Amino acid sequence: RIPGVLSAEYDGGKLNVESAASQSYVNQLVEQKSQFQAALVRAIPGATVHRSYQVALNAVAVQLPDSELETVKALWAQPGVARVTPQMIYTVDMDYSLPLIDAAALWSQVGGRDQAGAGIKIADIDSGINPTHPLFDGTGWSYPTTGTWPKGDTAFTNGKIIAARYYPPTFDVSTEEEASPQDHHGHGSHTAGTAAGNRVMATYGTSTIEVSGVAPGAWLMVYKGLFLDETGTGATGSNLMLAGAVEDAIKDGADVINNSWGSTAITFPADDPLTKAYEAAVDAGIVVVFSTGNSGPGYNTTGN
């Protein structure tokens, strides 16, 4: 359970972020963080709050004017600071999945491929989306009948894609990148298509075959927390950006959050904030799905 939110605010097992109790709690945290920000600037001139979190985490992302030990100690000394965690970077990698999980057998249990995922909202936290791809064509789709839709950048929504957001990078990225949900790497469109892409005909070499995602009947929610890096080859994101994506996915009402990325770190502390954010998503009634880093194909290449 998310601290401070009554169990009664869970509707059908999912957190109701729009309830009076939830909003009151969030407003309380916002006021506390406003007071913290004012005190921070007085104690550490030049420090800024990059982002505030109230749902997935009770936390703020802080940009310090330098990395000197005394500056970090001053941050630790601020009232209400329970933990200071440095920025961490995560990367993408993916191979193939549908035959591996025997999706066809699953479709037969839910009334056929087109019904797979019907009524479900899948959030894909990755490198964004190419909304013009046929896998994400909104023709024949309509937004959910409950709630306010679309969400985020409506230039990227169409009935199939019902939410699209991005999180400004906290590090240098490729000059090809832009401040929008647009996918400049390809991995985000790949994973979103694998999860919930429409049924389409595709030409591969000399063959033309029908392809789709695992759950073509599902809606897509896109959260760009990974950006094309300076080399123009990989896509990376920080824990600051990714925690923001988790926060919004919870608030937007996702049923599933897919994460096809990972880290080279072997383990994380039990109180790692990004880990806590995903635990909060689970507590909010969301199914959270992660790759194991996809560092293969050799033995003992599972990542974090």
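Using modelled amide H (1.01 Å from N, peptide plane; none on Pro or chain starts), what sits under 5 Å from the amide H of Ala59, excluding residues fewer than 5 places away?
Residues meeting the criterion, in which the H sits 1.01 Å from N, are Tyr53.
Suppose the chain between Ser34 and Arg199 were pulled fully straight at 0.36 nm per residue; how much longer would it get relative to their current alpha carbon spacing? Numbers along the way, then the final one.
Numbers: separation 165, 0.36 × 165 = 59.40 nm, distance 4.76 nm.
Using 0.36 nm per residue and subtracting the Cα-Cα distance, I get 54.6 nm.
Solvent-accessible area of Thr231, probe 1.4 Å, all protein chains present, reported in Å² to the nearest ten, please.
About 100 Å², rounded to the nearest 10.
From the backbone phi of the stretch 226-238, what are the Karplus-calculated ³J(HN,Hα) couplings (6.51 cos²θ - 1.76 cosθ + 1.60, θ = phi - 60°) in whole Hz, Gly and Pro given as x?
10, 10, 4, 6, 4, 6, x, 10, x, 10, 9, x, 9
Under the definition of Cα pairs under 8 Å and six or more residues apart, what whole-number percent is the relative contact order of the stretch 17-143?
Relative CO of the stretch 17-143 lands at 13 percent.
Grab the beta carbon distance between Glu279 and Ala82, set R0 = 22 Å, and tell me the FRET efficiency rounded to 0.05. Write down the numbers at each step before the final one.
Values: r = 16 Å, r/R0 = 0.72.
FRET efficiency, Glu279 to Ala82: 0.90.
Kindly rank 181-194, 37-50, 217-230, 274-287 from highest to lowest mean number of other beta carbons found within 10 Å of each residue.
Working: 181-194: 23.1, 37-50: 14.1, 217-230: 26.6, 274-287: 19.1.
Peptide ranking by packing, descending: 217-230, 181-194, 274-287, 37-50.
Would you work out the relative contact order for the stretch 207-281, in percent, from Cα pairs under 8 angstrom that are 6 or more residues apart?
On the way: 36 pairs, mean separation 18.9, N = 75.
Normalised by residue count, the contact order of the stretch 207-281 is 25 percent.
If ligands, DNA and RNA are left out, what is the accessible area of Ser34 with a 1.4 Å probe, given in Å² to the nearest 10?
Solvent-accessible area, nearest 10 Å²: 70 Å².
What percent do you get for the relative contact order of the chain when only Cα pairs under 8 Å and 6+ apart count?
Details: 601 pairs, mean separation 68.2, N = 304.
With pairs under 8 Å counted, the relative contact order is 22 percent.
Given +1 on the Cβ of Lys and Arg, -1 on the Cβ of Asp and Glu, and no further charges, what dipole in debye does the chain carry about its Cα centre, rounded to the nearest 20? Before the final figure, lay out the partial values.
Values: 16 positive and 31 negative charges, 129 e Å.
Its charge dipole is roughly 620 debye.
So which trypsin sites (Lys or Arg not before Pro) in the stretch 55-135 end up in coil per DSSP with only 11 or fewer other C-beta atoms within 10 Å? Please list the in-between numbers first.
On the way: sites: Lys73, Arg83, Arg113, Lys121; in loops: Arg83.
Those that pass, being in a loop and sparsely packed, are Arg83.
Could you state the per residue volume, in Å³, of the convex hull enclosing the Cα atoms of the stretch 226-274?
So the per-residue hull volume is 109 Å³.
Using a 1.4 angstrom probe on heavy atoms only, work out the carbon and sulfur share of the accessible area of the chain in %.
Of the solvent-accessible surface of the chain, carbon and sulfur hold 53 percent.
For the chain, count all C-alpha to C-alpha pairs, find those more than 30 Å apart, and express that count as a whole percent of the total. Mind showing how you got there, number by number?
Working: 16346 of 46056 pairs.
The answer is 35 percent, as a whole percent.
Mind telling me which of Glu18, Glu247, Glu68 comes out most flexible in a GNM of the chain, alpha-carbon contacts under 10 Å?
Looking only at Glu18, Glu247, Glu68, the largest GNM fluctuation is found for Glu68.
Classify the stretch 88-147 as rounded, prolate or oblate, taking a ≥ b ≥ c as the square roots of the eigenvalues of its Cα gyration tensor: rounded when a/c is under 1.5, otherwise prolate if a/b is larger than b/c and oblate if not. Kindly include the intermediate steps, with their values, before the conclusion.
Values: a/c = 1.84, a/b = 1.13, b/c = 1.63.
Judged from the Cα gyration tensor, the stretch 88-147 comes out oblate (a/c at least 1.5, b/c at or above a/b).
Taking amide H atoms as placed 1.01 Å from N in the peptide plane, list the residues 5 or more away in sequence, or in a different chain, whose amide H sits under 5 Å from that of Val288.
When sequence neighbours closer than 5 places are left aside, the close amide H contacts are Ile257.
Would you list Asp172, Asp252, Asp153 from the most to the least accessible area, probe 1.4 Å? Kindly include the intermediate steps, with their values, before the conclusion.
On the way: Asp172 110, Asp252 15, Asp153 50 Å².
Order by accessible area, largest first: Asp172, Asp153, Asp252.
The values are calculated or read from the model by the stated rules, or taken from the named source; none is laboratory data. Worth saying up front: this structure is predicted, and the values here are computed from it rather than measured. Here the Cβ is made from the backbone with ideal geometry for all residues, glycine too, and neighbour counts use every protein chain on show. Note: accessible area is taken over every heavy atom of the protein model, side chains too, but ligands, DNA and RNA are not part of it. Shrake-Rupley method; radii C 1.70, N 1.55, O 1.52, S 1.80 Å.
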